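Notes for the one structure printed next.
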Amino acid sequence: MIELGIEEKTYTLNLGPQHPSTHGVLRVVLEMDGEYITKAEPVIGYGHRGHEHMAENRNYQQFLPNMGRVDYLHALAYNQGYCMAVEKLLGLTVPERGEFIRVILSELNRISSHLVWIGAYLLDLGAFTPILYAFDDRENLLDLLDRITGSRLTYCFYRFGGVPRDLDEEFITGTRAFIKRLRSRFRDYESLVTKNVIFINRTRGVGLITRDQAVRYGLTGPTLRGSGIAYDIRKSEPYSAYPAFDFQIPIGDKGDVFDRYLVRILEMEQSLRIIEQALNQLPNGPIMADKVPKRLKPAAGEVYQAVESARGEFGCYIVSQGDLKPYRIKLRVPSFGNLSILPEVAVDTLVADLVAILGSVDVVIPEIDR
Amino acid sequence: MIIGLIGIIALVATNALFLIWMERKVSAHMQLRLGPMEVGPHGAVQTVADALKLMGKELITPEEVDRPVYLLAPIVIFLPVLLVFLVIPFSRSLIIKDMNVGIILILAFSTLAVLALLMAGWSSNNKYATFGAIRSVAQNVAYEIPLLITVMSVILMVGSFKLSDIVAAQGSYWFILVQPLAFILFITCATAETNRNPFDLPEAESELVAGFHTEYTGMRFAMFFLAEYTNMFITSAVAAVLFLGGWQGPILPGVVWFLLKVYALIFLMMWFRWTFPRVRFDQLITLAWKVLIPLAFANLLITALVLKLR
Amino acid sequence: MLKDKLKTALASLNLAQVSDGDYAKTGYHLEVTAGPGQMPAVAQAMLDQGCFLESLTAVDLRESFTLVYHFASFDELCRTVVHASLTKEAKGAQAPTISQVYPGADWYEREVYDLFGIKFAGHPNLKRLLLPEDADFHPLLKDFGAEPGND
């Protein structure tokens, strides 16, 4: 029902929770003045499954599969964050080959997440073809990851102390072929999307995020880097095998939607560079730390481990009291902070712009809701 | 006349069937996939299967709609389209009624489609549908104007509203060669008039669920669908008549040439749909009023000047 | 060095503890203990040094709560954790909000209220975030789940 008061000029429009362009179950309650939005309030929690409560009732190994379900698009980053946090508490060191394998798989996963994002985002904007090209590339990638990890989407592959299965020759040749193929595909994306006048008009100058807003809302990831701040955990707080690789952090200059899009495209290229270097420098050796206890009883204390997922900083905060089960686990997810900026950025925009902005923030609702 | 009308209805139905299949195949191949392959050779009979399915669907009428308007809208969108077919010259002899005001009739009746969209959106009693209807009215009104002015440029050259005269005047060269700007403007406006991507805001799926036909199901939804494809045929037919020499062409019979040109233009429109993202609403309106109308006027002026100076 | 600047800034606030953290073991460079009432001032000091709020959560220690704030900086690696102990009161624990300093804290505090029942005084919109609005329980409390079927 439309309620048009004589005195008030605004009416309420509900976007979601089932809607083609909210990525997941997100509801945005809009107050509109004609086609312009005066207030936008996201309503979340439709997918709350109680992961943090589950953490307190399972032991550390039993909670590991949950990490793949929190953010299903970049599940390996969550695997990595959680495993590293627990390894810190246990005092385990992952051997070099294990770290390299973790990096290779995680970067491949990052590329697959960004490909989904490109496809879905352009679908929101009305371009029906790029999603199929992106998913075509992604199929290739998922087959590679499937070979090693056994799953296509919600990975549960890393273990405390390393990885359980080693890479084989076919994976390495397949990955090299994939790198070559994706590089040539980037040219297509460039000409069909990045240089497309309609796309540029839809995204340039829309959804500007300033540095001050970024600090006050705690943004991370490409959403932050589009505004010109070069903060990437892989470079600012290096972990795992990242210090061994030479790669850049792409940043935007204006902080609009187009910059955030460009940052993700360039990040995929950088991920390819990392994977190439990792494959070239892959050391021999064990993939799992020796002497990993079967009953994990980490020392009492707390730890915070940050990793860079496709959406931003994933932080795993674990409080242990020396038991088999964690006392408290807090999952600091990037989409939570990134989405909270929406009410401020969406004021005085059109619904079409809201869709563009919401997509550019790249939220995955299950990780917000946990 | 009666035979003609029956012929039209048959043509419209077959055309829609063929175009839906063509759209699915074109979109599929552009998206690195195959499209319908199961039903009939290369999915040729798929549309028939879909039509049968749609006819079998329950016609749900939501409770709070404005019943007479709601039920009339699919009919109103279809009738003008059928009437326009009376004047289209499929070949030298295949015109049902070669009226003196041929082109004016076409333009007048195409505008009636807007009324139907508004009726559909408003009567649905649904915010999204209303949004879609409002957008489509603004869009269609805005793009009518450059369309009309562009057509006027061609009429100036011919000196008559009769469609057969326009075709005859292109005996030595097609008008696209002397009026390339007008052709581009016409195709742009035609894409906007038929609500096709990149101007398909009224049906923008990702923003408005389904726009003005959100609340229509089954056969009523099919009518809107059919009307869109038939509209595409008509605007392409008009473009072929105005710019591409109608049914003229060597060796093959006139009808075949005409249909070839029409379907080539339809393919062009489909190509647009699967390549471009959607234009935002205010950019759409800005484009019409600030870019296309001045260009159309300029074109008209130049045409008039050239004709006067000749 | 950001760590030293932070130490100087926080020294004037009369906090219970400001000390170096063991980064290799815990991931913190600076460990701070404060009272909940001092948090707005601490947050302002962190914002003035250009830090952003990384995370805001709570831990239920059965006899009391601990509010845990994580701050980090975009420019220089320095993670600060602030622990604020909160007593459990009969009518529900309360702490002042820091959302006027960090608007990003708005949702974090709503989540803490939702999962623990800790109220934040001065919060502009303290509604439940993840659970349905009419839920009447706080699932991350340690005595939640004691009834069968609640796990």
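Assessment of segment A:231-244 against the conditions (within 14 Å of chain C (Cβ to nearest Cβ) and in contact with a Pro (Cβ under 7 Å, 6 or more places away or on another chain)) yields no matching residue. Please verify whether B:Gly249 is buried (at least 23 other Cβ atoms within 10 Å of the Cβ), in contact with a helix residue (DSSP H, G or I) (Cβ under 8 Å, 6 or more places away or on another chain) and more than 14 Å from chain A (Cβ to nearest Cβ), treating the condition exactly as stated. No; evaluated as a whole, the condition is false for this residue. Taken together, the criteria exclude C:Val82 from residues that are among the β-branched types (Val, Ile, Thr), over 27 Å from A:Glu52 (Cβ atoms) and part of a strand (DSSP E or B). A count restricted to segment C:75-85 and to residues that are more than 17 Å from A:Arg332 (Cα to Cα) and within 9 Å of chain A (Cβ to nearest Cβ) stands at 3.
Pairing each residue of segment A:284-310 that is within 11 Å of chain C (Cβ to nearest Cβ) with any residue that is among the small types (Gly, Ala, Ser) and surrounded by fewer than 21 Cβ atoms within 10 Å (Cβ to Cβ), provided the two are 6+ apart or on different chains, yields C-beta distances under 7 Å for A:Ala299/A:Gly322. Selection over segment B:152-175 of residues that are among the β-branched types (Val, Ile, Thr) and touching a Leu at 6+ places or on another chain (Cβ under 7 Å) gives a count of 2. Within the bounds of segment B:134-142, is there any residue that is modelled with pLDDT under 80, buried (at least 19 other Cβ atoms within 10 Å of the Cβ) and not small (Gly, Ala, Ser)? The answer is yes, given that some residue of segment B:134-142 is modelled with pLDDT under 80, buried (at least 19 other Cβ atoms within 10 Å of the Cβ) and not small (Gly, Ala, Ser). Scanning segment A:179-191 turns up no residue that is in a helix (DSSP H, G or I), crowded, with 18+ Cβ neighbours inside 10 Å and without any contact (Cβ under 8 Å) to a residue 60 or more places away in the chain. Note on segment C:54-80: among residues that are hydrophobic (A, V, I, L, M, F, W, C) and in contact with a strand residue (DSSP E or B) (Cβ under 6 Å, 6 or more places away or on another chain), the one that is surrounded by the fewest Cβ atoms within 10 Å (Cβ to Cβ) is C:Val59.
Of the residues B:Ala73, B:Ala51, B:Ala16, B:Ala28, the single one that is within 26 Å of B:Met269 (Cα to Cα), assigned to a helix (DSSP H, G or I), touching a Lys or Arg at 6+ places or on another chain (Cβ under 9 Å) and among the small types (Gly, Ala, Ser) is B:Ala73.
Considering segment B:284-295, and only residues there that are closer than 25 Å to B:Ile134 by Cα and in contact (Cβ under 8 Å) with a residue 60 or more places away in the chain, the residue that is surrounded by the most Cβ atoms within 10 Å (Cβ to Cβ) turns out to be B:Ala288.
Of the helices (runs of 4 or more DSSP H) contained entirely in segment B:123-207, those carrying at least 2 residues that are touching a Pro at 6+ places or on another chain (Cβ under 7 Å) and not hydroxyl-bearing (Ser, Thr, Tyr) fall at B:127-158, B:163-168, B:180-193.
The helices (runs of 4 or more DSSP H) located wholly in segment A:47-165 that include 1 or more residues which are acidic (Asp, Glu) and over 21 Å from A:Arg260 (Cα atoms) occupy A:51-55, A:75-90, A:96-124, A:130-149. Restricting attention to segment A:335-349, the residues that are facing chain C (nearest Cβ under 9 Å) and under 17 Å from A:Ser227 (Cβ atoms) total 5. Annotation: A:Glu302 fulfils all but one of (1) within 20 Å of the chain's Cα centre (by Cα); (2) among the acidic types (Asp, Glu); (3) under 23 Å from C:Leu77 (Cβ atoms); the unmet one is (1). Taking segment C:105-134 as the range and being part of a loop (DSSP other than H, G, I, E, B) and either of a type in the set (Phe, Trp, Tyr) or free of Cβ contacts under 8 Å to residues at least 12 places away in the same chain (or both) as the test, the residues that pass are C:Pro132, C:Glu133, C:Asp134.
Here A:Thr173 fulfils each of the conditions (1) crowded, with 24+ Cβ neighbours inside 10 Å; (2) among the hydroxyl-bearing types (Ser, Thr, Tyr); (3) modelled with pLDDT of 90 or more apart from (1). Of the residues making up segment A:209-232, those that are of a type in the set (A, V, I, L, M) and crowded, with 24+ Cβ neighbours inside 10 Å number 4.
So that you can scan it fast, the table gives a plain yes or no per residue for (1) within 21 Å of A:Leu224 (Cα to Cα); (2) outside any helix (DSSP H, G or I); (3) at pLDDT 90 or above; (4) of a type in the set (Asp, Glu):
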{"residue": "A:Gly322", "(1), (2), (3), (4)": "no, yes, no, no"}
{"residue": "A:Leu331", "(1), (2), (3), (4)": "yes, yes, yes, no"}
{"residue": "A:Asp353", "(1), (2), (3), (4)": "yes, no, no, yes"}
{"residue": "A:Val363", "(1), (2), (3), (4)": "yes, yes, no, no"}
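Criterion applied to C:Thr80, C:Thr97, C:Thr87 was being of a type outside the set (Asp, Glu) and under 25 Å from A:Ile233 (Cα atoms), and the one residue passing it is C:Thr80.
Might you let me know whether segment A:134-148 holds any residue that is more than 14 Å from every other protein chain (Cβ to nearest Cβ) and free of Cβ contacts under 8 Å to residues at least 12 places away in the same chain? Yes, segment A:134-148 contains at least one residue that is more than 14 Å from every other protein chain (Cβ to nearest Cβ) and free of Cβ contacts under 8 Å to residues at least 12 places away in the same chain.
The single condition among (1) within 16 Å of the chain's Cα centre (by Cα); (2) within 23 Å of A:Asn79 (Cβ to Cβ) that A:Glu237 does not meet is (1).
The values are calculated or read from the model by the stated rules, or taken from the named source; none is laboratory data. If you're wondering where the values come from, they're calculated on a predicted model, not measured in any experiment. Reconstructed Cβ throughout: ideal geometry from the backbone, glycine too, with neighbour counts over all protein chains shown.
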